[in-house]
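One structure below.
The values are calculated or read from the model by the stated rules, or taken from the named source; none is laboratory data. All of these numbers come straight from a predicted model, not from anything done at the bench. No Cβ is skipped: glycine too gets one built from the backbone with ideal geometry, and neighbour counts run over all protein chains shown.
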Amino acid sequence: MHKRDNADNIEILKTSNGHGGARPGAGKPRGVKWPSTLRKEEAREKVRQFITERLGEFLEAMADNVTGIKHLMLRDPKTGQFQRVTGDDKRREGSIVSIVPTLDLSGEK
């Protein structure tokens, strides 16, 4: 009973001098969004539509990137820079390409 009296006293103190508590009409109404929020939602929707329209292309590109079979890079011995090697490039033959050892995922020792 003592706790209830204390809670009642706190409510009286909050409202008796006009400080504390919610004020009617203060703030924006429920459900109203700021203009900046509306702009962000519109931008997100445009991005979602853009990606959805090209989803097949994106998945193909991701799969190609994972397999890594679309290009071959070799280091130029003169400049030290990596360059893309195309199918008709003669540097492919006789070049030393380092191969990363493959992992044995079969679980056998």
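Does region 66-84 contain at least one residue that is at pLDDT 65 or above and more than 38 Å from the chain's Cα centre (by Cα)?
Checked against the condition, which is being at pLDDT 65 or above and more than 38 Å from the chain's Cα centre (by Cα), region 66-84 yields at least one hit.
Please identify the pairs in which a residue from region 14-29 that is at pLDDT 85 or above has its Cβ atom under 8 Å from the Cβ atom of a residue that is part of a loop (DSSP other than H, G, I, E, B) and not acidic (Asp, Glu), counting only partners at least 6 apart or on another chain.
Lys28/Trp34
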